[in-house]
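The structure under discussion appears below in the form of structure tokens.
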Amino acid sequence: MSTSNTAKVPRTKDRRKTSAKESKFQSLTVNLETIESLLLLFDSEEENVVTNVLRHLTEFVRRSESNVDTLKDKNVLNALKRKEFYRHLENTMIKRLTLCLATAIIESSSKLHELESSENLEIVEMCLTFYDYEKDDICLEYLTVIINNCVDDTQGANVLLKDEEFIDKFFEVVSNTNNPDTELHSFQILEKFLCILGQNELKELFAKPSFPINRLLCDLTCEFLEIRIAALCVIELLINDTSEKSPFALENPTILALGQLTKMYCENLMPNQLEKLIDVLAAGIRNEHMALLFFDLNLFDRFLAHLNEDDNAKNKCYSLMIIAEAAKYPRFLERLVQAQATEKLLTCLIYVDLAGTHILLGLNRLMKSSDAVNRILEVYNEGLIERLLKILPDSVSVKLKAREQAAEFLGQLLTVAYHKTASKVMDLHLPDIMAHIFGQPSEWQSIDFYASLLTIIESLARNADYREQLCACELLITSIAKLLKNSFNTSILVSTIFRALCCLVDEAPARKALLDNGIEASISRGLKSLANLVKTSVANFIIQTTRFHEFVCAYIDDGVLATLVMHQKHSFCVPTWNTAIESILSKDPTLKFCIRHYLGFTDLTVGHDFYVSKKKFDDFRELKTILRDEVSPLAPILVVNFNRPEDDPDFLIRIPGQSLLPEEAARGSLCYCRRPADPFLPQYLKEIKDIFEQHGLGLNSSKMKRCIDFESLAKRAKIIAELVARTLGNDLKILDLNTHEECSHHVVNCHLKALAREAHITILPLGRLRSGCQFERALLFKVLADQLGLPCTLQRSVEGRMLFNELPLPLETEGDQQCSLETLQFMPWSMLRPTHIVDLMYNVGDMYPVQSRQALQYLKLY
């Protein structure tokens, strides 16, 4: 038996069978060198991958601020928005890193205003959903920062405010968070919300029980300055709200707020923001209830103690705003004066040279205290007035509000110490300073500032000497006139200017300067204004200035009278409109009779060229044009003047040769005069005076000014009427009152044409007439009666062809002392009423009671 050696063959390994370790997929480490590659991993389902990517990008951002721009260029924010900031994940670390990265990009974009409104709104809506359900404090911090950057756009803010769940959650976070960053940005968000909300929305917001008013007040004194500033900004907005729903409508928050603000001031918790703190506390003092608590809780004493200890002059003067606001209430004035508030304010004004608005405001309010006034008057010699006059024109270094208060303060000083203040300011050349101010561009000033300055001028102008000095400065009057031209968009200012000018027009230089600068154009514009205040002030100015002939001429020649007459409908809303018209017309009987067709007892024709046209004009401007131009009107115009024995050489007009008839041209050049001589009227006047003397009716000029001689009035009227009838009765037969036959008007017309041919013009002197009916006789009667002091009217009939006269013959009432002649003789002419019509045609000199049958017959109305 043989044996054989057999070799052992190794067993082959079965590869289908592997261990659990070998079957697991091994981790892969890859170096990614581009952000684009990292962004691809945002879609990874492995949270550790997303975490590492986000951490890597976060570290990249922290290394340099410029790296944020790189992420923006690579649209990292859009990639995060597509993942909705991973808000659906439960992994807190991923959410924190995502929001941290998004915050850095959004903050940078907000600073550069790179986010469009639609993109901003998209982020807000995404954060809104995230915020409502998030509980992690760090995530809420980042969300708060993002929202704070996005609510600068009001659309985003409105989206948040409309979500009740967000508001409730937001208030809860603000009230309970211990995270300083969350607190800071939440306060800033709340400030922005309050700025855009309307009154009704604010009420709804304040009504929420969760509104974090206590947290805001407590954090006013927290350890972080930025939070104190943010809380103070919110409190400032809340404290200015005076509605019933305001948090400070309740007493407890008010007490806490005042206490915290006072503590901030006394403990110097706002070293670089003291002005902001004072502004907020002053806003609280403007509320009377808060001011009362401020004093009742002795907070004012704490404030005053710290104020007295403060060595910083600038801070000390600015802190006086609290005193200035408290001085608004009379109940605290005595306490403020005792606290030497007057001295503190004056020191800041005169010596520290800090002319803050509140300094002057405080002094203005302290003027209600006699003790404060006495102290102010004591420092006149220390340069108070000089300081005020230095402030007024300084539009560069002094705020406009301060200049307004300075002007008001100066006006009050003129009220309490007129002569002392007035003499001081005039010695310091106030008119020149005023001229400089009014000459500055109007956009540098305000209406209140101008009004205060004009009030000062008005006050000084009450004294004749000071008024003369003011008007001697022509530049001042000119500057005011120019300001008036450019101020018609502000009715109050225009009214104030006209009121001030009323006090200056008594001086001839002021009148000349105003007329040279076209005051009449401003007056016409004011009369056409839509504001009744302007129209009233202009009408009052016209009434005041018609005392001066140059103004009356300007009003007539430059269209002011035309504007008044053409717009008489305004008299319903401007009581002095018709008075303004009458004030002009009373100085020009020609135009008054043309417009009103009536002259009353006080409308005298003495001292005037009185023109009356046979034609009745519907528009007085036609007559004015005729009298101005070198024309001969178609209808005769009768002119009255008792003081012109010879033709006025200035109104002689040579007739062109081609306009003359051959026989006239043969006699040489001819002229006509538009102001002809009238030697006959003085003769008629002398004749009547002689007759008066014969009948014992001589005139006593001193008595005429005091009273009316009613007893002889009818006698004197009859004498004048008889002379008128004799003078104008040529070629006219005497008619009976009861006849229907009329006066021979054709005889009178022929006579007038003959006179016109002789004078080469139809403007005829009344004294040359020898034939006349009611028209001519009534005119002559009126002008003679005016010369002799006999109260008489002149009235044109409706159709315009007839004139007639009325006289006042009051009837005594037995037993009535008020109606006795002894009493009535002292009645002013303006109160007389016409009672009788004078007959100049039929029963010459008879008096017919108004509305009697004889009067109606005389007027051809019966």
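Values computed for the structure shown
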| read-out | value |
| --- | --- |
| Share of carbon and sulfur in the accessible heavy-atom surface of the chain [1.4 Å probe, %] | 49 percent |
| Accessible surface, 1.4 Å probe, highest first, among residues HIS113, HIS549, HIS745 | HIS113, HIS549, HIS745 |
| Cα gyration tensor shape of the stretch 91-133, rounded if a/c is under 1.5, else prolate or oblate by comparing a/b with b/c | oblate |
| Which of MET847, MET93, MET434 is most accessible, then next, and so on - probe 1.4 Å | MET93, MET847, MET434 |
| Share of alpha-carbon pairs per 10 Å distance bin for the chain, given as whole % | 2, 9, 12, 12, 12, 11, 9, 8, 8, 7, 5, 3, 1, 1, 1, 0, 0, 0, 0, 0, 0 |
| Separation between Cα centres of the stretch 86-132 and the stretch 502-525, rounded to whole Å | 69 Å |
| Sparsely packed GluC sites (Glu not before Pro) within the stretch 259-368, loop by DSSP, other Cβ within 10 Å at most 13 | GLU267 |
| Calculated over the stretch 141-278: convex hull of Cα atoms, volume per residue (Å³) | 105 Å³ |
| Candidate lysines for bridging to LYS624, where Cα separation is under 21 Å - those fewer than 8 sequence places away on the same chain excluded | LYS587, LYS592, LYS614, LYS615, LYS616 |
| Equivalent ellipsoid, the stretch 561-629 (semi-axes from 5 times Cα gyration tensor eigenvalues, Å) | 21, 15, 10 |
| Inter-site label distance for GLU468 and THR242 at 7 Å from Cα along Cβ, in nm | 4.9 nm |
| Within straight-line cross-link reach of LYS401, lysines at Cα separation under 25 Å, skipping those fewer than 8 residues along the same chain | LYS276, LYS314, LYS316, LYS328, LYS344, LYS368, LYS390, LYS424, LYS482, LYS485 |
| Whole-Å distance, taken between Cα centres, linking the stretch 192-220 and the stretch 788-812 | 79 Å |
| Heavy-atom surface of the stretch 561-629, accessible at 1.4 Å and reported per residue (Å²) | 43 Å² |
| Exposure of THR835 as accessible area (Å², to 10), given a probe of 1.4 Å and all protein chains | 40 Å² |
| Centre separation in Å (Cα based) which lies between the stretch 398-467 and the stretch 628-654 | 51 Å |
| Calculated FRET efficiency for the pair LYS615/CYS750, C-beta based, R₀ 22 Å, to 0.05 | 0.80 |
| Heavy-atom SASA rank of THR254, THR579 (probe 1.4 Å, accessible area, largest first) | THR579, THR254 |
| Residue-averaged [θ]222 nm for the chain, counting only DSSP H segments that reach four residues, each worth -39500 (n - 2.57) | -17500 deg cm²/dmol |
| Heavy atoms of TYR684: accessible area, 1.4 Å probe, square angstrom to 10 | 20 Å² |
| Probe 1.4 Å - accessible area at GLU520, Å² to nearest ten | 30 Å² |
| Amide H contacts under 5 Å for HIS836, placed H, 5+ residues apart | LEU807, LEU809, VAL850 |
| Cross-link partners of LYS74 among lysines (Cα-Cα below 18 Å; sequence separation of 8 or more within a chain) | LYS83 |
| Additional length obtainable on full extension of the chain from CYS218 to GLN155, 0.36 nm per residue less Cα span | 19.6 nm |
| Within-13-Å neighbourhood charge of SER395 [Cβ basis; K, R +1; D, E -1] | +1 |
| Loop-resident sites, the stretch 92-158, for trypsin sites (Lys or Arg not before Pro), counting at most 12 other Cβ within 10 Å (DSSP) | LYS135 |
| When the convex hull of its Cα atoms is projected in every direction, mean area for the stretch 30-162 (nm²) | 7.9 nm² |
| Set LYS81/LYS162; LYS399/LYS512; LYS135/LYS192 screened for pairs whose C-alpha atoms are more than 26 Å apart | LYS399/LYS512 |
| Percent of beta bridges antiparallel (DSSP, the chain, rounded to nearest 5) | 85 percent |
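The values are calculated or read from the model by the stated rules, or taken from the named source; none is laboratory data. Everything numeric in this text was worked out from a predicted model, so none of it was measured. Positions of Cβ are generated from backbone atoms using ideal geometry, with glycine treated the same way; all protein chains shown enter the neighbour counts. For the accessible areas, the whole protein counts, side chains as well, though only heavy atoms, and no ligand, DNA or RNA atoms are used. Shrake-Rupley method; radii C 1.70, N 1.55, O 1.52, S 1.80 Å.
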